[in-house]
Every structure is written in structure tokens, then in C-alpha cells.
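Here's the structure, in C-alpha cells; my notes come after.
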Amino acid sequence: MREPTPEQIRDERVYRSLGLTDAEYDLVVEKLGRLPNYVEAGIFGVLWSEHCSYKSSKVHLRRFPTSGPQVLQGPGENAGVVDIGDGMAVAFKMESHNHPSAVEPYQGAATGVGGILRDIFTMGARPVAFLDSLRFGPLDDARTRYLFSEVVAGIGGYGNCVGIPTVGGEVQFSPTYRGNPLVNAMCVGILPADGIVRGTATGVGNPVFVVGARTGRDGIHGATFASAEDPEEKERSAVQVGDPFLGKLLMEACLELIASGAVVGIQDMGAAGLTSSSAEMASRAGGGLELVLDRVPVREEGMTPYEMMLSESQERMLVVLERGREQVAFDIFQRYGLEVADVGRVTDDGRLRLIWHGEVVGDMPVVALVDEAPVYERPIGPDITVESASIPTSLSAHEAWLAILAHPSVADKRWVYRQYDTMVRAQTVMGPGSDAALVKVPGMDKAIAMATDGNSRYVALNPRRGGQIAVAEAVRNLATTGAKPLAITNCLNFGNPEKPEVMRQLSDAIDGMADACKVLDTPVVSGNVSLYNESRGLDIQPTPVVGAVGVIDGIAKRLPSAPAREVAAGLELWLLGREDDRLDGTLYGELVCGQPVGDAPYIDLAEERRLHELLQAIAGAQVAVAAHDVTEGGIAAAVAEMMIQCDVGGEIHAPVEMELLGWLFSEAQGRALVAVEKDCAAELARLADTHAVPARKLGSLGATDDVVVRQAGDTAFTISLTALRDAFERAIPMALQSAAAGASA
Amino acid sequence: MKWAVVVFPGSNCDEDAAQAVREATGDAVDLVWHDATDLSAYDAIILPGGFSYGDYLRSGAIARFSPAVEAVRREVAEGKLVLGICNGFQVLTESHLLPGALLRNNHLQFRCEMVELIVDNNTSPFTRAYQLGERIQIPIAHGEGRFHADPETVAGLRNEGRIAFRYADSPNGSVADIAGILGEGGNVLGLMPHPERAIFDWMGSVDGRRLFQSMHQYVEEGLAHARANA
């Protein structure tokens, strides 16, 4: 097949199939001063795609706070880096792999994990943990069950094999994701604070290497595909295939190479493969690169420059070495049995130049490819009107309690995480099922705290407040374990940015997240935007997912999410934060009305921050036995989760002035449940008082085998802990099992 | 005494095993690359967990051809202690240093969780610090951990006291609930659970420590005996 000529590309508008609009094509011609050939048009197409250029979101992303004394590397590199004290730092980033996972869920999820892994080790960090934030449609749908099972298997398939524990994340289910599941993978790594490696191609004449897997024809157009099409029409051939064994070897070899000091710059060949890695490395250095494509190791004969530049074959890295030290790399890669090829050199002419069969087949200014990519101020729809709604209380407290615990978003996720190796590396102090995961820094009495969160129901109802809550919830998860929150990463999963109402959601949600980041002192250090999450013309509910990272000094201070069974009976339960009985934005409301209703739940960021500081003080003084944050499903869910986990019942008291149903299921933010020994309760109350956080004894554990709810001295009702446990633990396995039985019948 | 942990391409519990040995015994540990041809300098050798050679073909099937496993074979014959954990157990069965095979879990999923084991032999060099019938907590993390052998082999293992650990509640469908078995000479142990993940309180169990301590004690006694006879 002959490639179209520059004239054909123009006349037949071939550029449209490469992801360029008419206006963008004209801009390419202007920047080049001539018509682009096929490979050049393809390169512009992927680099100017939404996925690579952030052209619709860039003007809004600038509103995120990105600096602070704890930030060693903010956005713009392969990952963000924060200082965790004692000379150590943490690199982390989250990235979406939604579109590939909708088409080929196992490989889509696996390569999402592999890609984010490479982003972390290229910073010079040893990856130590994965977290995954997943969203699916309801489990009564056969395709959803397939997607869910395969995504989980794919995450495990890659993560377990590379030997990095998957320690946390969340899974939520809502009809909004039926045609467009979300797969957001986060990786966290540890490095010396002074050991950051950047993705820059500096030093004129320095050699450039492709290392790892050979380049094949897989995944061509993955980046443009991620940004433009409807998943219903997507093709599996654009999805890449992962090889975790090769990924593991590549990681070990690259970390060894980085430790040798011979590396000038290193970058993963992720979306848009060789194109984005070379252009971005040259852009960061303000220089150029010359690549001789004949030297790129390929999987099959006859690959064209276009295919080589746009391939998204996995497990490849682009490395710039210090001239004269190439042998160091050859020795290391040979030991790991990995291919390494010298494919070019660093130049100072600001061009990305491609040579093939002795001819220049592509020659483009790097600034035009990266820095001068189009930026759109897309039209933003009118303000979203938000109204508090009166929600029918047609579900009794008893029914709702069971229904909420059996809702797959709240229900026990053990079916998911026991398919992940959560303990490899032998540093996992608290794994999945905790409010936040804690992973020890080897050789130190210090652990990294990590959590992801992001409730789209709140953002759909009130994008600004929903954005605030997304950050607050993730950060609160850290504080609940006693850790000090440091920074966040995020994945902004939204619909079609060409619709003004979607841009309104995006803009408002970013404002809300920025509000929370400022007040909670957790700057954004890395992140990713995934737009065009839609199917059959319907956009998903706006879903910003936040990955928060913090540190706890002294692991003995940690607060688990429930007390151990042996010590639970006799403990007092305290509620930190305000009482609330509004059902706005609650899961209760959604269960009753079939969709999100009302405003997003209450949040006050100043109160939120005081709560986080109080939780750290409580952990620091070792006053409490356990802590669990109050979130989806309200106090009812939080109390049940704690009691189920420690397998001890108890009683709780509702305030007289509160409407009982609302009080049980309100999802008002800024609250946590704490289990404390009687002797320590006074100290707890004193600490709460000094932090200006309301604190009240909610009840106690152990006097009963059930859960007893009292109000005004009377027993309002009793619910069986066994029934709650069954609802919580069986929901997901049953949903999958009955489906399997149905299928075989 | 001196320990070796063999590192195959794709091993991922090698550092964990070394950490466990150091913590539980205070002994010196070397990580030894899979191309090592002589392991005679070591008193005990660990084949760690992971995905050696990507578990291509079958778990452990390619590792058995590595130079290090040939060296292990010689040290087994010399009576040295060899411990295969998870993928290491798979390598040992593939190498016929232990009988049977490890098949895909009966539920077809990878499974990682803390499990309860029953100590079925407390006289071996690996288990002497446990009580017979003691129930211990050790995590598992495997997709292919269902031990299988023909009935005669299983009967033989049972009669010779070579079943070291059984699952209290099998997580994978292993025949006779077998979690770990001993080689003919008693100096090879393969087990699917990960004792190196049960070393510190914060791991949720410290029951793995005694396995390494048993090995340490056994070897040190042997060395002391040899010195006395020298």
C-alpha cells in the first residue's frame, strides 16, 4: 500500500483520519512552511490529540496549585515527586486507560498498569505500590460482568508478575459507566530526594537508544483513538498487548542503568510511542533529536517510518546516555537479555528529524509539535443550578441499611483485591480494605500512605463542590490512618469537551479541586485528563479521581479502620465532625429516586482541614484504637463497616434534634468515626476541642451482638450484624456467581 | 551460616526472602543470579517466589534448565538445605527435586490472602521450631498452587511424614490440602505460602520466622558438630 502524497493528504483530507481538524491541518502547514508528508501529518495528529496535548483542558488545569515546600517535582514530568523527609521522596502519578479497557479489558487494564509503572521508574524511583480506581455499569449486565472480571484479572496479571503490590483503590458501579468503564491506574515509587531523573534530551551529540521490546504494528493510533471515537466503534487492533515479564526486566535494567549515572534522560514510550517520547524529551531540553529509523529494532519486515513512529508496542523506553558511557548500558541490558539499539543523537537545532534509507523522511520543529500545540478555550455552558431536594423517605432505615451495604460501590471488595498480590515486596503495613494503604519505606520507621477517591454522583449534582469533595475524601483517607497528607495526583474523566455543558463540569470541578488542594495543602503534582468518555452520545457523569499521598513517621502510630476483634468489646465509638441529617447527594437518595438527587453533600474545607489535623494528633498521641471515615452510606455504613470488620456489635445514639433516617445516611463530609478506650475518651475530647472539631460519644462496641440504634433514650430499632455482614460480603460474589450459574443453565 | 537466594529473571520475592533471613536469623545472605554454576559456598539455598522467565510454558518449567538449578541439584545431593517458596516450589517440582505438580487453582483465579496452615511435621530441618499440629498464619499469593500427585505418591508422602504443612481450609483445591512437602532426603522443602511475609508484627503474623530459624538452628548444629569432630 502506497502512502498518500502531501497533496493527497491535503486534497483528500486524509489528515482527518489522522486526528487533525481542518483548522489544525492549516496550522501544521503554517508551522512547517510546506505541506506535511504522511509521517509528519501522523506525528502532528497524535501529538496534537487531546490525549497528548491536553488542548481542551490545559487552560483550566493552570488553576491547580502545584507548588509547596514538599513538592520536588510538579506536573510536566513523567511523574510528580514529593519530599517525605529523612532524605527520601515519593514519585507518583495516575493515568487513565478507559478507552482500551472498554474494548479489550484484560490488555487494556494490564497495559494501563505497565504504562504507569514505567512513568514512575523513569523518575529514578523504585516502584512500591499500585492503586486502581475503577468504574463500571451495574453488575446485572453481562458485558459489565465481563469487563469487570477481565479488568481485575488484567491488573492482577501485570501487577502480580512485576512484583509490585496492589495495595488500594476503589471500585464504584453506576449506570453512567455502562458503555464506558473507567480504569485509572496509579503507581507510587520511592527514591532518594536528590535522585530525581528527568525526561530531557540534553547534550549535543549524546546518543539516543531504544531499549526493551521490539517495535511492532500494534497500538498504532492508540492516542488518537483514545480521544476521538465512540468505544462502541473501537477496534481491538488499536489496543496494545502487555508483557509484564519484559516490563519487570526493563524496570530492573533501567533502575540499574540510572544508578550507574550514565543516563542523561529517560522516557517511557507510552501513548504515541516513539513520537511522543522523542518530541517531549527534546522539548524539555529545548533542543532537537535526529533519529535513524533503520536502526529501530522491529518485529516484522517492511515497517514504514509512519508505523515505527506511531506504534504503541509496550515495554519500550527511549534513553539518552552520556556519550562515551554506552558500554555501561550494553552490559546491563545484555545481562537482562534486553535489546538496546542506538537510534540517533541529540542536536541543538530544535528539529525532530527522521532519517530512513539515507533520506530525511520527516523534519519538524519540536516547539511546533509540543509547546505550540493548539490550546482551545472551548465554550463553557451556563452555570449549573443546584438545588437541595426533599428526598422521599420511602425506604425504611432497616431496608436502606442493608441495601446500601449490598450496593456494589459500598460492598466488600475482597473478591477484587484477593486477586491482587497485595503483599509482595514485604512492606505492606495496611493493604486494601483500609481507609488508606500504608507501605513501609524499607529500613525506616516510616510509611507512605496512599488512597484514591472520587464520587461522580456529587460532581454530577454540583461540580464545584463535588470537586472539593473528591480531593477532601482522598486526603481524609490518609489522615484517618494518622498520616500527614502531602500532595495529590488526579485523573479527570469527563465526557465530550465539544459540549459546553461538559466543559462547564470540567471547569467547575477543577475549581472545586483547586479550592480543596489549597486549603488542605495538597498540591497537584501530576495527573491526566481523559475526555470523550461517552457512548451512544451519552456522556459519563463527570468523574475526577484523586490519588492522594502522605507519610506517617512511626508505623506504631497508625490507625487501622477497625479494632482487632480481641480488643473491640468495651471500646467507645466517637463521631468527629458535625451532625447532619440532609440526604442531598446520598446513595440513599439515589436508591430511592433511581438517580442522583439534590445538591452535593455538605462540605466546609476549613472544618475538613481541622479534622485531618485532629486525626493526625490522635494518631500521634496514640489515643485511639481505630478510625474510619464517614463517606458513602453515611454513619450507618461507617458503623457497620467497622463492626463487620471487628466482628463485634454495639449501639449508637442519634441526637434528639436529628431526623433519624437522614442522620443515619447523610453523606456530609468532614467526619470520622473513632474507636477509643474508655480511659482515653477524655483525652480524645480534649484534642478535638483544641482542634475546634465537634466530637461526641456516639456509642460503644460489644454490649450486644447486633447493632442497636437509640434516640432520646429509646431503642429506635435493632439490626442484625449478621444480616449486615451477609449483605456486605456477599453482594459482589453473588452478583458474579448467579450470573455464572445463569450462563451455564 | 551463609544463605543464597537465587534470582531468576522474573523472580520478585528475592529481596523479601533475604530480608526475612536477615531479620529472623541475623545470617549473611547473597542474592545469586540464575547463571551461577556453583553454590557450594552456601549452607542453605532459597528459590524465591515470582514469575521466573515469565512463567512461560508453565510455572517453573524454564527455570529448571538454568545453571543455578543444576547447581542446586548438586547441593541437594550433598545434603544442603533447599527451600522453594511459591514459584520456587514450582521450580522444584518441575526439576523433579520434589514429586507432584502445581496446577491452576481450582477456582481459576489468583488468590492472595492470609491462610491458616497446620504443621504436619515438626522434625524436619525446616519445621523443628513448630509444634506438631500447630496452626500458623502465613499468606499465600498464587494462581497455580493446587498441588497434585497420584494417590500412591500422596500416600507415600503421608507415610514418610513428608507433608510439612496442610491448609486448614484449602484456598486452591490441593490434593490432601497439601501446602508444603519435603524431599526424599528431608533437606528440600517446597511450599506455596510465603513465610517471608510473616516476619514482623505489622505484617499480621510472625509465624514465618520460625521456619528460617529452624533452618538456622539445624545448620548451626551441624556445623558445630563438624567442628567438634574436626
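No value in this document is a laboratory result; all are computed from the given coordinates. Remember, it's a predicted structure, so these values are computed and weren't measured experimentally. Neighbour counts are summed over all protein chains in view; Cβ atoms, including those assigned to glycine, are modelled from backbone coordinates with ideal geometry.
In the frame of its principal axes, the protein assembly as shown has Cα extents of 83, 81, 60 Å, reported largest first. Placing +1 on each Lys and Arg Cβ and -1 on each Asp and Glu Cβ, with no other charges, gives chain A a dipole about its Cα centre of roughly 960 debye. Helix-only arithmetic for chain A: the sum of -39500 (n - 2.57) across DSSP H runs with n ≥ 4, divided by the residue total, places the mean residue ellipticity at 222 nm at -11000 deg cm²/dmol. Taken over the C-alpha atoms, the range B:38-124 has Rg and Dmax values of 14.0, 42 angstrom. Judged by the gyration tensor of its Cα atoms, with axes a ≥ b ≥ c, the range A:377-486 is oblate; a/c meets the 1.5 cut and b/c is at least as large as a/b.
Return the subset of A:K413/A:K678; A:K31/A:K499; A:K440/A:K557; A:K440/A:K518; A:K484/A:K518 for which the Cα-Cα distance in this structure is over 21 Å, preserving the input order. Going by Cα-Cα distance, A:K413/A:K678; A:K31/A:K499; A:K440/A:K518 fall outside the 21 Å limit.
Extents of the range A:6-47, largest first, come to 22, 22, 19 Å (Cα atoms, principal axes, whole angstrom). Backbone amide hydrogens, once placed in the peptide plane, bring A:N493 within less than 5 Å of A:S530, A:T543, A:V545, excluding anything fewer than 5 places away on its chain.
Where Lys and Arg each count +1 and Asp and Glu each count -1, what net charge lies around B:S95 among other residues with Cβ under 10 Å from its Cβ? Around B:S95, the surrounding residues sum to 0. Give me P(r) over the range A:398-735, computed from all C-alpha to C-alpha distances, binned every 20 Å, as integer percentages. Calculated over all Cα pairs of the range A:398-735, the distribution is 32, 60, 8 percent.
Cα extents for the range B:2-229 along the principal axes, largest to smallest and rounded to whole angstrom: 50, 39, 37.
Could you give the angle, 0 to 90 degrees to the nearest 10, between helix A:244-260's Cα long axis and the longest principal axis of the Cα atoms of chain A? Roughly 80 degrees between the two axes. Geometric descriptor of the range A:198-370, per residue, is 114 Å³ (volume of the convex hull of the Cα atoms).
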